[in-house]
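Take a look at the structure below.
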Amino acid sequence: MRRIKNYTQRFPLASSILFVLILVSFASSQSAPARQTNAESAGTNRAIANGLTVSSGKFLLNGHPYQIISGEMHYARIPRAYWRDRLRKAKAMGLNTISTYVFWNMHEPKPGVYDFSGNLDVAGFIRIAQQEGLHVILRPGPYACAEWELGGYPAWLLADPKMVLRSNDPRFMVPASRWMMRLGKELAPLQMGRGGPIIAVQLENEYGSFGSDKVYLEHMHQLLFQAGFTNALIYTADGPEELADGTLPGVLAVANFGPGDARDAFTKLEKFEPGKPLMSGEYWVGWFDHWGAKHVVVDQKKVVEEYAWMLQRGYSVNLYMFHGGTSFGFMNGANIDAKTYEPDVTSYDYDAPLDESGRPTKLYYALRNVIAQHEQAQENEGGKTAQTLPAVPDSPATISIPQFSLTESASLWKMLPTPISAAHPESMEMLGQSYGYILYRTMIAKPVRGELVFEHMQDYAQIYLNGVLAGTLDRRLHQNSLSLDVPKGNTQLDILVENTGRVNFTRAIRTERKGIFGSVKLAGNSLVGWQIYSLPMDDVNNIHFGRSHFFDFQFHSEHISKAAVADGPMFYRGKFFVQSPGDTFLDMRTMKKGVVWVNGHPLGRFWNIGPQETLYVPGPWLKSGENTVVVFDLMAQPDSQLRGLVAPILDGSARKN
């Protein structure tokens, strides 16, 4: 989705010769269907025996007029145990279609290693949608955006410094093609023409907001066919101003926009594609939040009025989002706006019809009423028989959890893995790490006073001298230097860096490497000879906790004092009891900055700069009886206590560090 309005970039077309060579090379190594031209693909769409087609300016489903009344939700942002509940609520609101992205980085965490299990069983999600009487719009990317880490691209792509993401660069196209072929095995059989619910597949995603390389776009078009997506309608989605750059001849175009823009957007879309069915690929019913900024809300009255207007005009609409859910773990994305880095919060509530925990809001019932009235109006006009909407499924009550203490702790300094030696700092990606934290350590032999300057530091760093915090640097605030006064003697310099989320939009995705890379200078002199510790924090089960005995640790370094450890980055563990599990919201207002796990499930990030002050805990992730919380906080918080609230706090005020 367009995250910076009226943002347009144009790039020169890639060489057509290169494109042909890439296609020939790829086709010779794959057993995929033969290449199709634009004309052939348009013919394929028209010839689908059972599915969505275009005829005389209308959508037809199995030969009958069809208005797409869709809502967006993402399987990876919803606990699997709740998939059916959310889909039933979509049906009960009156939706006939569900739209979802596919997030490549979740399914291929390492090159050639695939995961479609558990919460990543996207085929299972789509089958449940079909069982609940819903059609599906698939948005396979491989680029997604979606306020998701690196727009859904795997971070390991960035390990090749010469790779150009989202381009015809063979270094990118080889893994992207391999991924699309693998995804096709999972999902191509679920197209309506083969008995499944998938009626449409999006080509790329809002490419017109990124570039204008039609050769690249056509290459991605052919990848869809090679992956087996030949039994669904192919379409592109762009902002109304970017239609010329993001579309292909013979491929249906739809437009994305927010409240107040519908009339202008559809006027531009109709002028661009006269005689074609008109659709909003994303109608933004809400918005998302950045750390340190205000909680965003949208004028819902305007949303309801405009939505009614679109349905009455016969336009097809996909609500973005119908249900936002949560960017669990380290999966939040970030924006770059006027060169200012803006990481997203964990919650993806989005002010949507279903809130973060899947409960209907006032907007849900208002839009449900609009859809019901629209159905009745069509029946009165003789268009079709109005369907009675199903009853809205009940939502179990949220629960509170009494205050409990984090009684155990473990110093990060004690938990360090075996380091890698390097002359100069290297990024996470160069070390095979994608998410979490990374520690850089070097020794300074002489006293020195001056500026510690980083060529590249992304995104948030805490700098220590012999284990004592000397200062912090925050990419959001354009900080890349810190004044240091290094004492005499052999001094240990530690720089702990957090990846707070890769940019998911604009060309910045191509350079979103994390950690430190490039030179590090102190008082004008380059620092060399580093020990680098990768801290992905993908398994908290092996942490050895003590009962807050800060001074009993065996330290990794003789330069870190016991007192410094007590004030340093810490893991905490606490236990609470639940009689009957239910959704709750963990109150993080006693903590500073870090991440949380409950019973091993990563909930996401917290940060005392707001606006989000609670973390959603899904009921299915809790147990009757004892439950365990693990918290990592960059700043020691001894004797901290947490509790579970019955409602979230998404609009809290920033607190002092």
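The values are calculated or read from the model by the stated rules, or taken from the named source; none is laboratory data. Since the model is a prediction, treat every value here as computed from it, not as a measurement. Heads up, the Cβs are rebuilt from the backbone with ideal geometry, glycines too, and the neighbour counts pull from every protein chain shown. All accessible areas refer to the heavy atoms of the entire protein, side chains included, with ligands and DNA or RNA removed. Shrake-Rupley method; radii C 1.70, N 1.55, O 1.52, S 1.80 Å.
Relative to the longest principal axis of the C-alpha atoms of the chain, give the angle of the C-alpha long axis of helix 300-312, reported between 0 and 90° and rounded to the nearest 10°. Long axis of 300-312 versus the principal axis of the chain: about 30 degrees.
Subtracting the Cα-Cα distance from 0.36 nm times the residue separation, let me have the gained length for Glu558 to Val174 in nm, one decimal. Don't skip to the answer; put the middle values down first.
Numbers: separation 384, 0.36 × 384 = 138.24 nm, distance 4.75 nm.
Stretched fully, the Glu558-Val174 segment lengthens by 133.5 nm.
With both labels modelled 7 Å from their Cα along Cα-to-Cβ, the Ala422 to Met163 distance reads 1.6 nm.
Would you mind working out the accessible area per residue for the range 229-279, using a 1.4 Å probe, and quoting it in Å²? Intermediate values should be presented prior to the final figure.
On the way: 1640 Å² over 51 residues.
Using a 1.4 Å probe on heavy atoms only, each residue of the range 229-279 averages 32 Å².
Per residue, how much accessible surface does the range 606-655 expose to a 1.4 Å probe? Answer in Å², no decimals. If you can, show how the numbers build up before the last one.
Values: 1710 Å² over 50 residues.
With the other protein chains kept in place, the range 606-655 gives 34 Å² per residue.
If the chain linking Val453 and Gln312 were pulled fully straight, counting 0.36 nm for each residue of separation and taking away their Cα-Cα distance, it would gain 44.8 nm. Give me the percent relative contact order of the range 517-657, please, defined on Cα pairs under 8 angstrom at least 6 residues apart. Relative contact order for the range 517-657 comes out at 27 percent. Remark: the range 188-277 is approximated by an ellipsoid whose semi-axes, taken from the C-alpha gyration tensor as √(5λ), come to 24, 16, 11 Å, largest first. Per the Cα gyration tensor, the chain maps to an equivalent ellipsoid with semi-axes of 45, 30, 21 Å, ordered largest to smallest. Short-range pairs are left out: with C-alpha atoms under 8 Å and at least six residues apart, the relative contact order of the range 425-502 is 43 percent. Centre-to-centre, using Cα atoms only, the range 280-340 and the range 90-117 are separated by 19 Å. Using θ = phi - 60° in the Karplus curve 6.51 cos²θ - 1.76 cosθ + 1.60, the 3J(HN,Hα) couplings for the range 160-165 round to 8, x, 8, 5, 10, 5 Hz; x is entered for Gly and Pro. Please identify which residues in the range 600-644 have an amide N closer than 19 Å to a label point set 7 Å out from the Cα of Leu477, following the Cα→Cβ vector. Label zone hits: 606-612, 634-636. Translational diffusion of the range 500-633 was estimated from the Stokes-Einstein equation, with Rh taken as the Kirkwood radius over Cα pairs; at 37 °C and 0.692 mPa s the coefficient is 180 µm²/s. When only alpha carbons are used to place a centre, the range 395-458 and the range 180-213 end up 38 Å from one another. Note on Lys302: aspartates and glutamates with a C-alpha under 18 Å away, same-chain residues under 8 apart excluded, are Asp261, Asp264, Glu282, Asp351.
Over 29 Å between Cα atoms, which of Lys162/Lys276; Lys58/Lys89; Lys214/Lys514; Lys488/Lys521; Lys268/Lys301 qualify?
On the way: Lys162/Lys276 41 Å; Lys58/Lys89 27 Å; Lys214/Lys514 31 Å; Lys488/Lys521 18 Å; Lys268/Lys301 24 Å.
Beyond 29 Å: Lys162/Lys276; Lys214/Lys514.
Report the trypsin sites (Lys or Arg not before Pro) located in the range 149-179 that are in a DSSP loop and have at most 15 other Cβ atoms inside 10 Å of their Cβ, or state none. Present the calculation step by step, with values, prior to reporting the outcome.
Numbers: sites: Lys162, Arg166, Arg171, Arg178; in loops: Lys162, Arg166.
Qualifying residues, ordered by number: Lys162.
For Tyr365 and Ala445 in the same chain, what is the full-extension length gain: residue separation times 0.36 nm, less their Cα-Cα distance, in nm? It would help to have the intermediate numbers written out before the result.
Values: separation 80, 0.36 × 80 = 28.80 nm, distance 6.71 nm.
So the chain would gain 22.1 nm between Tyr365 and Ala445.
Summary value for the chain: 14 percent relative contact order, contacts being C-alpha pairs under 8 angstrom separated by 6+ residues.
In this simple spin-label approximation, Ser519 and Ser653 carry label points 7 Å from Cα along the Cα→Cβ vector, and these lie 4.5 nm apart. With a 1.4 Å probe and every protein chain kept in, tell me what percent of the accessible surface of the range 365-476 is carbon plus sulfur. Percent of accessible area from carbon and sulfur atoms in the range 365-476: 51.
Between Asp567 and Arg182, the simple label model (points 7 Å from Cα in the Cβ direction) yields a spacing of 4.7 nm. The protection proxy used here, the mean number of other Cβ atoms lying within 10 Å of each residue, ranks peptides 298-311, 564-577 as follows, highest first: 564-577, 298-311.
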